Amino acid sequence: MSFSNWNRDKKNIKALNNHSKLVSDMSELASIIQVKDVQIADYLLTKSTRYVDAFKQYQQDFNKLSKNIKSDISDNSQLALLDHIIKNDTKINDLFFNEIQTALDQNQEYMAMSTRNQSSELRKSTVRLVDQLIGLAKAEEAASSKSANNKMNTSIIILLAAGAAAILLGSVMMWIVSRQIGNSLKKSHSYVSRNS
């Protein structure tokens, strides 16, 4: 029984570690969204293609990380939030590649700046969604932690009760064996006394 409790507690600790990694990944997702926005701003200022290349690299990081997060989420409300975050990120990508770059290529800086404002607002909105997602994951993590603590406390109580029962049962067995040995010795002593 204690082995099964220990095994269950080990699984609960692993689940808590997975929740912690998930929250960390979600925080990194928010950072990537913000860094991509910085690439857009720097590109507008310098028109250097290195910011386009950096944006593309961050996009690959975002895609990989969002895929990992999605595979670790089982809650429908969290999945819906993540899907919304991914859609918003896709809109940011479209704004950058299809509108901002095109406007700058056609020397329409005013149009590019106007679109930049849209992408900036979309970034703020998306980061708020990530914060909500993190809040849900942390609440789930807290509930899992509380459950794991309760289960560990139950395991401790069971182990203490089993130990106490073993001591009590051992003491009763020793008393019974001791009485039987004592009675046998009395009979043997009485038999020896009569025959001598």
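The values are calculated or read from the model by the stated rules, or taken from the named source; none is laboratory data. Keep in mind it's a predicted model, so treat the numbers as computed, not measured. No Cβ is skipped: glycine too gets one built from the backbone with ideal geometry, and neighbour counts run over all protein chains shown.
Applying the criterion of being buried (at least 19 other Cβ atoms within 10 Å of the Cβ) and touching a Lys or Arg at 6+ places or on another chain (Cβ under 9 Å) to the residues of segment 24-38, the residue that is nearest to residue 120 (Cα to Cα) is 37.
Return yes or no: is residue 117 at pLDDT below 90 and not hydrophobic (A, V, I, L, M, F, W, C)? In short, no.
Every condition in (1) of a type in the set (Val, Ile, Thr); (2) modelled with pLDDT under 95; (3) under 21 Å from residue 107 (Cα atoms) holds for residue 73 except the one numbered (3).
Which residues, counting only those in segment 44-99, are β-branched (Val, Ile, Thr) and out of contact with any Phe, Trp or Tyr (no Cβ under 7 Å at 6 or more places or on another chain)?
Initially, segment 44-99 is screened for residues β-branched (Val, Ile, Thr), giving 46, 49, 52, 69, 73, 85-86, 90, 92.
46, 49, 69, 73, 85, 86, 90, 92 - these are the residues of segment 44-99 that are β-branched (Val, Ile, Thr) and out of contact with any Phe, Trp or Tyr (no Cβ under 7 Å at 6 or more places or on another chain).
Looking across segment 83-109, the residues that are touching a helix residue (DSSP H, G or I) at 6+ places or on another chain (Cβ under 6 Å) and among the hydrophobic types (A, V, I, L, M, F, W, C) come down to 85, 86, 92, 95, 96, 100, 103, 104.
Just the residues that are surrounded by 15 or more Cβ atoms within 10 Å (Cβ to Cβ), not in a helix (DSSP H, G or I) and not hydrophobic (A, V, I, L, M, F, W, C), please, taken from segment 39-82. None - no residue of segment 39-82 is surrounded by 15 or more Cβ atoms within 10 Å (Cβ to Cβ), not in a helix (DSSP H, G or I) and not hydrophobic (A, V, I, L, M, F, W, C), so the list stays empty.
On the given criteria, is residue 32 under 28 Å from the mean Cα position of the chain (by Cα), of a type in the set (A, V, I, L, M, F, W, C) and modelled with pLDDT of 95 or more? The answer is yes for residue 32.
If you go through segment 64-72 one residue at a time, do you hit one that is free of Cβ contacts under 8 Å to residues at least 24 places away in the same chain and either in contact with an Asp or Glu (Cβ under 7 Å, 6 or more places away or on another chain) or under 18 Å from residue 128 (Cβ atoms) (or both)?
Going residue by residue through segment 64-72, those that are free of Cβ contacts under 8 Å to residues at least 24 places away in the same chain are 64, 67, 70-71.
The next check asks that each one be either in contact with an Asp or Glu (Cβ under 7 Å, 6 or more places away or on another chain) or under 18 Å from residue 128 (Cβ atoms) (or both); those that pass are none.
Looking for residues that are free of Cβ contacts under 8 Å to residues at least 24 places away in the same chain and either in contact with an Asp or Glu (Cβ under 7 Å, 6 or more places away or on another chain) or under 18 Å from residue 128 (Cβ atoms) (or both), one finds none in segment 64-72, hence no.
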